[in-house]
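What follows is one structure encoded as structure tokens, with my remarks underneath.
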Amino acid sequence: MTTDLRSDTVTKPTPAMLEAMFSAKVGDDVLDGDETVNALEEKLADLFGMEAGLFCPSGTMTNQIAIKCFTQPMDEVICDETSHVYRYEGGGIAFNSASSVKLLHGNRGRLSAELIEPHVNPADIHYPHTSLVVLENTSNRGGGSCYTVEDIEPIYHLCRLKNLQLHLDGARIFNALTETGDDPKDYGHLFDSISVCLSKGLGAPVGSVLLGSLPTIQKARRIRKVLGGGMRQAGYLAAAGIYALDHHITRLKQDHNYAKVIGEILSGLPFVESLLPVETNIVIFKLNGGFNADKFVEKLASHDIRCSKFGSQSIRFVTHLDITEDMVHHTVGVLKKL
Ligand SMILES: *Cc1c(COP(=O)(O)O)cnc(C)c1O
């Protein structure tokens with residue numbers, strides 16, 4: 001069995017999840033609704049203390065819809081320079097929202113009110129109008145680093161004061177909640193919208209849900225249609241999401257433990273120059289002279305272990321539902337002998 005540590009998106013649906021998908025009751029979600037999609041949207045909205053939800057094909061779409069909802073052309077979005085909305089969504093902010101981006105250098109992907117405040121533009125026609133702040137929790141390029149509710153509160157207050165909207169890219173929000181122990185209900189109060197991915201650590205094959213107020217989600221539904229993201233008998237996919245929420249949240253701690261085991265071994269190995277603190281299911285480290293990233297990826301592949309190049313000298317491992325204890329032992333054994 002290949003040990004695939006490239007991403008937590010590679011998980012396959014379990015037999016029980018497939019069973020839930022097969023037996024889903026479906027309708028037409030674009031025409032007049034699909035009860036399983038509705039159930040998923042309501043379940044997540046309730047969980048996060050939000051009014052409504054919108055099921056979409058991807059986290060890229062939920063993020064881009066949120067940005068479109070909260071900006072006008074010529075506006076500016078504030079986010080960390082490593083954020084997914086800027087780096088990995090194909091220039092979507094420029095294309096979909098005709099807005100510019102102010103990139104900040106956060107602490108492992110995390111922003112603070114002090115960092116953001118000086119970059120909120122004054123009302124002066126020379127400057128783009130700052131309208132939105134985007135946070136990412138956990139931060140992917142920050143090595144799975146987490147914000148706590150306490151970290152976010154000052155950012156929320158700044159946004160209210162400056163009349164900015166606040167969006168959360170919560171692709172891995174359940175990984176963050178697993179570590180911080182925060183109540184997801186607090187998030188509904190802090191954010192204007194939240195994107196939650198079902199196809200990362202939660203193990204569903206497809207889908208993300210955008211959460212927000214009723215008017216926001218009504219607007220978001222129009223934008224989803226324009227982007228071609230309306231799906232008809234989507235209840236089959238939503239059923240996988242519901243199953244994941246019911247069965248795959250409590251097990252995330254296991255992924256984090258495995259990532260920590262791998263991180264601890266790496267920190268003592270001679271070819272590792274530095275390692276980001278391992279907080280959740282992501283392990284990012286920098287190689288020193290002996291290896292470059294291409295060579296390292298190739299070397300591990302020869303032992304049936306797959307990982308991602310994350311820059312010319314950097315590597316990312318991500319643990320997930322399909323990584324077993326045996327696979328972690330195999331990986332640790334191979335790393336020690338390199
Ligand atoms: C994966 C991911 C997304 C969404 O990705 P899709 O592949 O479009 O579902 C958004 N933000 C972060 C931080 C991610 O890791």
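The values are calculated or read from the model by the stated rules, or taken from the named source; none is laboratory data. Predicted model only: the values in this text are computed from it and were never measured. Cβ coordinates were reconstructed from backbone atoms using ideal geometry, including for glycine residues, and neighbour counts include every protein chain displayed.
Conditions (1) among the polar types (S, T, N, Q); (2) crowded, with 23+ Cβ neighbours inside 10 Å; (3) within 16 Å of the ligand (Cβ to nearest atom); (4) without any contact (Cβ under 8 Å) to a residue 12 or more places away in the chain, marked per residue:
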site	(1), (2), (3), (4)
Ser100	yes, no, no, no
Arg108	no, no, yes, no
Ile116	no, yes, no, no
His119	no, no, no, no
Ala123	no, no, no, yes
His126	no, no, no, yes
Ser139	yes, yes, yes, no
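Just one of Glu298, Glu325 is touching a residue at least 40 places away in the same chain (Cβ under 8 Å), over 19 Å from the mean Cα position of the chain (by Cα), exposed (fewer than 14 other Cβ atoms within 10 Å of the Cβ) and not assigned by TED's automatic domain parsing to the domain that holds Gly170; which is it?
Details: Glu298 fails: touching a residue at least 40 places away in the same chain (Cβ under 8 Å).
After applying the criteria, what remains is Glu325.
Tell me the residue from Tyr156, Tyr86 that is within 24 Å of Thr216 (Cα to Cα), within 15 Å of the ligand (Cβ to nearest atom), surrounded by 14 or more Cβ atoms within 10 Å (Cβ to Cβ) and without any contact (Cβ under 8 Å) to a residue 40 or more places away in the chain, please.
Testing whether each residue is within 24 Å of Thr216 (Cα to Cα), within 15 Å of the ligand (Cβ to nearest atom), surrounded by 14 or more Cβ atoms within 10 Å (Cβ to Cβ) and without any contact (Cβ under 8 Å) to a residue 40 or more places away in the chain leaves just Tyr86.
Can Val206 be described as surrounded by fewer than 24 Cβ atoms within 10 Å (Cβ to Cβ), hydrophobic (A, V, I, L, M, F, W, C), over 25 Å from His119 (Cα atoms) and out of contact with any Gly (no Cβ under 9 Å at 6 or more places or on another chain)?
no
I'm told Gly228 meets every condition in (1) crowded, with 18+ Cβ neighbours inside 10 Å; (2) within 15 Å of the ligand (Cβ to nearest atom); (3) outside any strand (DSSP E or B) except one. Can you identify the failing condition by its number?
Only one criterion is unmet by Gly228, namely (1).
Would you be able to tell me the number of residues in segment 173-207 that are out of contact with any Leu (no Cβ under 9 Å at 6 or more places or on another chain), more than 11 Å from the ligand (Cβ to nearest atom) and hydroxyl-bearing (Ser, Thr, Tyr)?
Summing the residues that are out of contact with any Leu (no Cβ under 9 Å at 6 or more places or on another chain), more than 11 Å from the ligand (Cβ to nearest atom) and hydroxyl-bearing (Ser, Thr, Tyr) in segment 173-207 gives 1.
Go through segment 288-330 and report how many residues are touching a Ser or Thr at 6+ places or on another chain (Cβ under 6 Å) and among the hydroxyl-bearing types (Ser, Thr, Tyr).
Of the residues in segment 288-330, 0 are touching a Ser or Thr at 6+ places or on another chain (Cβ under 6 Å) and among the hydroxyl-bearing types (Ser, Thr, Tyr).
If you go through segment 208-225 one residue at a time, how many are away from the ligand (no atom under 14 Å from the Cβ) and either charged (D, E, K, R) or touching a His at 6+ places or on another chain (Cβ under 6 Å) (or both)?
4
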